[in-house]
Amino acid sequence: MLKRARRGTKSSDFNITSETLETEIESWVHEERRRLGEILLDDGIIDADQLLDALEVQQSSGGRLGDILLEQRHVTEYQLAAALSEQFQIPLADLRVEQPEQEAIDAVGEELARKHNVMPLRVEGDGRVALVTGEPLGVAAIRELTEHCKKIRLLVGARDDIARMLDQAYSALAMAHEHIQAFELVDIAEDEAQVISLEVDENAPIVQVVNRILIQGVRARASDIHIEPHEKEVRVRFRIDGALSDAIALPVRMGPPISSRLKVMSDLNIVERRRPQDGQFSVVVDKRPIDVRISVVGTIHGEKIVLRLLDKTRSLIPLHDLGMPDSVVERYLEIVKAPLGMLLCTGPTGSGKTTTLYATLTQVADDTKNVVTIEDPVEYQFEGINQMPINEQVGITFADGLRGILRQDPDVILVGEIRDVETARIATQAALTGHFVLSSLHAVDSVAALHRFADMGIEPFLIASAISGVVGQRLMRRTCNACRETYEPHPDHVRLVKDQTGDLPAEWTRGRGCNICSGTGFAGRVGVYELLEVTDRVRDQIVHRATAKDIRETAIAEGMRTMLQEACQLVVEGLTTVEDVLRNVYAPGMESGEPMDDHFDEPTITLTSTPTPPPFQGAPTQHQGISL
Ligand SMILES: [Zn+2]
């Protein structure tokens, strides 16, 4: 357990019992040392020009040299940590592999650790607490940490790692355990009165546990929280970067009161336990207002609850930063800036369609236009744009909202999602009558979206004239940089990448799994897009009911880069893995060019026909109320 400092001098150890503590701290902090820039220069990390550049910035706008070099991407977090270790002559701690001890985490406590951004690593044999810092600490910080821990040793580590490890170590869920114990001590009767009375008390264990789950979900950047009653436990999972991972397991008995608590928060009927219900509520976590959409469904072991978290303060991603190649952005802008027509965004739930639509909206909105949105729910509030939330419970659907909006002289209309024939029909009509419509649709790819429209009963000639472009998109998982390793790829994978891009990565890499990426090998996401432009030839093919395969081939011949190509390009650039491409983008038939869908020979209805029952029964109703 005890790991001696490799090269540590006594000077990074501080002891409360030392009579000369104050002087030791002062002299350590103010000691004459080699300059950071000099160390980085000598180690060949930066060159003289880069250093001069950074020093100039420092001169004019202040700040630490390390921060400036990081900002300018001349050094990595790890190179900076290594240089600081050299400068201060204190050992380097690699938090990607080091496992912090609970004893140390408890000894320092969340407040102090976060205040000084130090990650407690271990308690050494003599009770000395080893703390990892990412930047030089000041006198006051060292004094406070020494007073609290009695004996400390300072180590240096990468700042990003420290921030992430702090979130993990002081996870809100780790602190849920005491409330779970408290809950187990209280004998809960099954009757509702008891359950409700618990809710009144904000300190009740159940309230605390629910709060902890929500707080941790938000901090972990989860898009959804799943609370699943099973036979022996209630499993809580978070969806982060598109994949579910276990967050905590709770005693089975906590299931019913948790669901009651959440139902009360969202004004649902707490007695109803069998019929599915959905609702919403808002919470504030770390000063951020979060909208929560809740869906409750009765399962054999109790009610399964899914919470979708919408962070209203998240920043909008500009169109140019979404990950579309510049040439695609250019053509895309031409389409969306036209005075009329329709642009559809397609992909499965969680593929970032809303992000793309919002980024587009900021590009097309200006003071000369009346821009109106109809959304379910409104995920981000724009200044100067009229946003209308739909509310199916009181009977305001996308179709109703759209009809209302059309009477208000709109220029650009964003319809959150086209999920029924009526909305599809009104949107098509709007696009044909001098409005620009932006919307999203559940479909595998851009070409499939055209077929979805036809399946909904819109006549091909109307589709051909109304739709000006379709974006197909996916979010790929980014390979974790902290644990990247090289590996020998499967021959099939090599072939796929070579076929799609004509190129191969210089080195095949993947994430091994580390503390930083919770063992998944992935951290963060990156988008891939394909833009189908409805050109004269494509339009002609739609009118003549061509197969998906034919339309796709035409689009490719006219320059469309497919999602599969784009995703494989990311593999070449080392940003993601073939496994993730196969999981996310690859659909059988894409490679072989087989038609993915039936073509347009289903019975179709025309726009002007009287209301006919929609010919499609497979509308994604399961997403209603939770997804955009
Ligand atoms: Zn990793």
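A few notes on this one:
- Matching residues, segment 209-265, being surrounded by fewer than 20 Cβ atoms within 10 Å (Cβ to Cβ) and of a type in the set (S, T, N, Q): Asn211, Ser223, Ser245
- Some residue of segment 560-574 being within 16 Å of the ligand (Cβ to nearest atom) and either over 26 Å from Arg331 (Cα atoms) or at pLDDT below 95 (or both): yes
- Going through (1) modelled with pLDDT under 95; (2) touching a helix residue (DSSP H, G or I) at 6+ places or on another chain (Cβ under 7 Å) one by one, Asp366 falls short only on (2).
- Breaking point among (1) surrounded by fewer than 16 Cβ atoms within 10 Å (Cβ to Cβ); (2) away from the ligand (no atom under 16 Å from the Cβ); (3) modelled with pLDDT under 90, for Trp28: (1)
- Flag if Arg143 is of a type in the set (D, E, K, R) and outside any loop (DSSP other than H, G, I, E, B): yes
- Within segment 503-529, the set of residues being within 23 Å of His320 (Cα to Cα) and of a type in the set (Lys, Arg) comprises Arg525 only.
- Check on Asp241, outside the structural domain of Glu392 (by TED's automatic domain parsing) and either at pLDDT 90 or above or farther than 27 Å from Arg474 by Cα (or both): no
- Considering residues of segment 436-458 that are of a type in the set (Gly, Ala, Ser) and part of a helix (DSSP H, G or I) only, the residue farthest from the ligand (Cβ to nearest atom): Ala454
- Within segment 121-140, restricting attention to residues that are in a loop (DSSP other than H, G, I, E, B) and not small (Gly, Ala, Ser), the residue that is surrounded by the fewest Cβ atoms within 10 Å (Cβ to Cβ) is Asp126.
- Out of Tyr332, Tyr358, sole residue that is on the phi < 0 side of the Ramachandran plot, over 22 Å from the mean Cα position of the chain (by Cα) and surrounded by 15 or more Cβ atoms within 10 Å (Cβ to Cβ): Tyr332
- Restricting segment 92-111 to residues that are of a type in the set (A, V, I, L, M) and surrounded by 17 or more Cβ atoms within 10 Å (Cβ to Cβ), the residue that is nearest to Asn481 (Cα to Cα): Leu95
- Number of the condition not met by Arg6 [criteria: (1) basic (Lys, Arg); (2) surrounded by 13 or more Cβ atoms within 10 Å (Cβ to Cβ); (3) at pLDDT below 90]: (2)
- Check on Asp409, part of a loop (DSSP other than H, G, I, E, B) and either in contact (Cβ under 8 Å) with a residue 24 or more places away in the chain or charged (D, E, K, R) (or both): yes
- The residues on offer are Ala359, Ala399, Ala338, and the sole one that is in a loop (DSSP other than H, G, I, E, B) and small (Gly, Ala, Ser) is Ala338.
- With a requirement of 1 or more residues that are surrounded by 15 or more Cβ atoms within 10 Å (Cβ to Cβ) and away from the ligand (no atom under 16 Å from the Cβ), the strands (runs of 3 or more DSSP E) lying completely within segment 459-550 that satisfy it span 467-479, 522-533.
The values are calculated or read from the model by the stated rules, or taken from the named source; none is laboratory data. Everything numeric here is computed off the predicted structure, so don't read it as measured data. Ideal geometry is used to build each Cβ from the backbone, glycine not excepted, and the neighbour counts take in all protein chains shown.
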